[in-house]
Amino acid sequence: MRALEINPESEDANLNLGLALFQLNQLEDSLGYFDKALTTNPQCLPALNLRGCALAQLERHTEALADFDKAIGLAPDDAGVLANLGNVLTQMERFEEALGTFEKALHNNPENTAAHVGKSNILLKLHRPADAMASADIALAINPNLFEALNNRGNALLALERPADALANYARALVIKPDYAEALFNRGNAFLHLNQDKDALASFDRALSVKPDYPEALSNRGDALTRLGRYEEALASAERALAVKPDYPEAHYSRGNTLSDTGRFQDALESYERAVRIRPDYAEALANLGMALQNLRRYDDAIDAYARALAIKPDFAEAQLNESMCRLAVGHFEQGWKQYEWRWQTEEHKEKPDFRQPLWDGSFVDGVLLAWGEQGLGDQLLHAGMLDELRQRARRLVVQVEPRLVELFRRSFHGIEVVPHGEALPTGRVNMQIPLGSIGQYFRRGWSDFPKRKTGYLVADKARTAGLRERLTGDGRRLVGLSWVSKVKRHGEKKSARLLDFEPVLKLAGVRFVDLQYGDTSEERSAVAKATGVEVERVGDVDNTQDIDGLAALIGACDAVVTVSNTTAHIAGALGKPVYILLPFSQGTPWYWHVNRDDSPWYPAAKLFRQTRIGDWDSVVAQVAIGLKRGRKR
């Protein structure tokens, strides 16, 4: 129990022996002495109270409840007994009854710190963190050394998304009680919130050194290990948690997350299903069940799982966004775009610019409409394919994008004012605004809304393109650009290949290869040259990372491009260049490549080549090599 109100000065020998064993955590043995005390005196209030506490710690809640009911019958106003009863009700998840019991205890004795601590704990479970913190503060005002109140205060701050402040409270609790396993566990959770995964792991390990069979710490330790890429250890930690507590839904959920991250989607699916069977209202497990189904290409079932999660938790932004991307991938555009607006409520996209102008509603703007770029370069390039249509909906259209795109966009979109992020907007009042990722709801509501383009919508620098073309194709060989890495934070490694994986393409006769990959590729290109005898050339006067206009010119100089899903794919596609795009099996494939198709409605000259199993680039590149041969013949 979290608090105990007893009289340790009792003269009764059985009661004293029972108390000593209770304090030594020898709970089963203590019960025998409490029973003897109650045989002598069935109305011995301390024995009933202590016996109830021991039974509660043994998770024999119904028996504990019976003892506390008897004790309350003897002393209806005893705040200590009421506080212990409230703790049992909390363990039994009878939260509203528990809250009422704590409040009754405090009505009888406002100075009872055990009741304040218990009340703060129950308020946390009722998702009232601000009220929980207030209760913990009252307890601490009475006794500043109440480590349980400090722990609860930290939990309240964590729920209020103040993890750094939560850490300070856990630290204070641990100064008072260094072996306080619950505070060590909660400190680990705060570190996870701060993305300090190594510190989180260390804190969970310390909690487990105090309490080895702590299922919550074992489960969350698995989460930290997963985030550190130590997947086998993470699975082992989840399995240990389940060995201690087989019906612990969070451990099944954690295990599912680890399995999903390693591409074992069917096994992950089974873990999520187990979690949901144990706790049918587990919205997070249902949402991740949807992701596993989506990764298994069971799209209708995935949408059903997302719907079940949202029926429980309608404001679950991550589930709304994941369902939107699933719907967009399969072509349910109207509903997909609607749910896509939930991205602004997720952790990944929460830093939304604070524009005071109203959001554009699709009507004609007799003034200035501002469309502003969001997410990465690739997303801004993709959505730019609708700018010519957006231009028709305003007297003046201003587009604000990542600075590296400005020169390319200014050349490509006539009648549109292009400005970089971070600089003041042009003079004149902006009437309405919209993020680029939101304009699809007005212009791409169905497959038939995609224009039948014969050329791209971006225009590279013609003089620069011609100069590069002359330099690189003087020997008559066909020029093919290569890009093989995505460096996006989420799933970038799953989208990426090695340059050596492109060997079937590199062996094509009559082809000269040019490096379109951003970042330093010298080591990998040298290794490939040594292994295959083929040189992938780097153009020294084009910075593939910073000079996007130069990269567009270099891509324009190529006869074709072979790339994974990254910025290069979008530039090539938007230029209308023949581009062969390599896609992973499922996880890491963005929604805009859609499903069950080898072409792209966004980029008509693009050809899509998908893995049929996780990590298999060999068969994909072999198909690309065949496609390049055929393309040359045409």
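Just a few scattered comments:
- Search result, residues across the stretch 157-179 that are open to solvent by less than 10 Å² (accessible area, probe 1.4 Å) and out of contact with any Lys or Arg (no Cβ under 9 Å at 6 or more places or on another chain): LEU157
- The set of residues in the stretch 296-335 that are surrounded by 22 or more Cβ atoms within 10 Å (Cβ to Cβ) and under 14 Å from VAL595 (Cβ atoms) comprises ALA302, CYS326, ARG327.
- Total residues in the stretch 336-357, condition open to solvent by less than 100 Å² (accessible area, probe 1.4 Å), within 20 Å of LYS489 (Cα to Cα) and outside any helix (DSSP H, G or I): 3
- Filter result (in contact with an Asp or Glu (Cβ under 9 Å, 6 or more places away or on another chain) and either open to solvent by less than 50 Å² (accessible area, probe 1.4 Å) or part of a loop (DSSP other than H, G, I, E, B) (or both)) within the stretch 96-112: ALA105, ASN109, ASN112
- If the condition is being in a loop (DSSP other than H, G, I, E, B) and closer than 23 Å to ASN145 by Cβ, then the stretch 160-184 contributes ARG162, LYS177, PRO178, ASP179, TYR180.
- Condition broken by SER271, with the remaining ones in (1) without any contact (Cβ under 8 Å) to a residue 40 or more places away in the chain; (2) closer than 19 Å to ALA329 by Cβ; (3) within 20 Å of the chain's Cα centre (by Cα) satisfied: (2)
- When the residues of the stretch 444-501 are filtered to those that are of a type in the set (S, T, N, Q) and touching a helix residue (DSSP H, G or I) at 6+ places or on another chain (Cβ under 7 Å), the one that is surrounded by the most Cβ atoms within 10 Å (Cβ to Cβ) is SER483.
- Residue in the stretch 588-600 that is nearest to SER260 (Cα to Cα), counting only those that are open to solvent by 20 Å² or more (accessible area, probe 1.4 Å) and part of a loop (DSSP other than H, G, I, E, B): THR589
- The stretch 9-37, residues that are more than 44 Å from the chain's Cα centre (by Cα), open to solvent by 70 Å² or more (accessible area, probe 1.4 Å) and at pLDDT below 85: GLU9, GLU11
- Restricted to the stretch 185-227, and to residues there that are acidic (Asp, Glu) and assigned to a helix (DSSP H, G or I), the residue that is least open to solvent (accessible area, probe 1.4 Å) is ASP197.
- Residues of the stretch 548-566 that turn out to be within 18 Å of LEU582 (Cα to Cα), open to solvent by less than 10 Å² (accessible area, probe 1.4 Å) and either without any contact (Cβ under 8 Å) to a residue 40 or more places away in the chain or among the acidic types (Asp, Glu) (or both), as a count: 0
- Filter result (modelled with pLDDT of 95 or more, of a type in the set (A, V, I, L, M, F, W, C) and either in a loop (DSSP other than H, G, I, E, B) or on the phi > 0 side of the Ramachandran plot (or both)) within the stretch 417-449: ILE439
The values are calculated or read from the model by the stated rules, or taken from the named source; none is laboratory data. Owing to the predicted nature of the structure, the values given are computational and were not obtained by experimental measurement. Cβ sites come from the backbone with ideal geometry, for glycine too, and all protein chains shown count toward neighbours. These area figures cover heavy atoms from the full protein model, side chains too; ligands, DNA and RNA do not enter into them. Shrake-Rupley method; radii C 1.70, N 1.55, O 1.52, S 1.80 Å.
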